[in-house]
Amino acid sequence: MALDRRTDSAQLRAMNRPDVFHAHIYFDPAELEQAQALAERVRVRFGVKVGRFHQRPVGPHPRGSCQLTVPGEVFGDFTTWAAVNRGALTIFGHAETGNDLIDHTSHVVWFGPSEELNLSQFM
């Protein structure tokens, strides 16, 4: 399926410099309070939007998670901070370019051990 010239141009801009990134804090039930505390620290420090805390796998995410919506202009500072302040929690970050499959496979960064995502919904 071909995209029109405007869509191609907009998608290329988004891929080169996304306006928004998502960071997902992964947690097991025993880590819920730790994940909530980390999300609150991120919200206060970077002004990010904190989503719901899903206590089971949702979408491509393999276990409990909370989505943080991180503006592109603070993502670099967020990644530097997250690398040393995440504790034992894993954080999965990805660009939001409009191509979900590529955003969850190629435009990614892991803080902590990487985990296998369920990508079937993007196929």
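The values are calculated or read from the model by the stated rules, or taken from the named source; none is laboratory data. These figures come from a predicted structure and were not determined experimentally. FYI the Cβ positions are ideal-geometry reconstructions off the backbone, even for glycines, and counts take in every protein chain you see. Side chains included, ligands, DNA and RNA excluded: accessible areas come from the protein's heavy atoms. Shrake-Rupley method; radii C 1.70, N 1.55, O 1.52, S 1.80 Å.
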*Karplus-derived 3J(HN,Hα), 6.51/-1.76/1.60, for each residue of segment 101-114, Hz, glycine and proline x*: 4, 5, 4, 9, 10, 10, 9, 10, 9, 10, 10, x, x, 6
*Heavy-atom accessible area of Thr80 with all protein chains present, probe 1.4 Å, nearest 10 Å²?*
100
*Per-residue HN-Hα couplings for segment 89-95 [Karplus 6.51, -1.76, 1.60; θ = phi - 60°; Hz; x = Gly/Pro]*: 7, 9, 10, 10, x, 8, 6
*Specify the angular offset, from 0 to 90 degrees and rounded to the nearest 10, of the alpha carbon long axis of helix 72-85 from the longest principal axis of the alpha carbons in the chain.*
30
*With Cβ to Cβ distances under 14 Å as the rule, what net charge do the other residues near Ser106 carry (K, R +1; D, E -1)?*
-3
*Of (1) 7.1; (2) 7.8; (3) 8.4, which is the value of mean projected area of the Cα convex hull in nm² derived from the coordinates here?*
(2)
*asked:* Rounding to the nearest 10 and keeping the result within 0 to 90°, find how far the Cα-based axis of helix 32-46 lies from the longest principal axis of the chain.
replied: 60
*Helix-derived [θ] at 222 nm for the chain: sum -39500 (n - 2.57) over DSSP H runs of at least 4, divide by residue count, nearest 500?*
-12000 deg cm²/dmol
*asked:* Let me check against my output: what whole-number percent is the relative contact order of the chain, with C-alpha pairs under 8 Å and at least 6 apart?
replied: 31
*Measure off 7 Å from each Cα along the Cα-to-Cβ vector at Thr105 and Phe53, then give the distance between these two points in nanometres to one decimal.*
3.3
*Net charge near Val42: determine it from the other residues with C-beta under 12 Å of the C-beta of Val42, scoring Lys and Arg +1 and Asp and Glu -1.*
+3
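Using 0.36 nm per residue of separation minus the Cα-Cα distance, give me the extension gain between Asp19 and Ala88 in nm, one decimal.
This chain segment gains 22.0 nm when fully extended.
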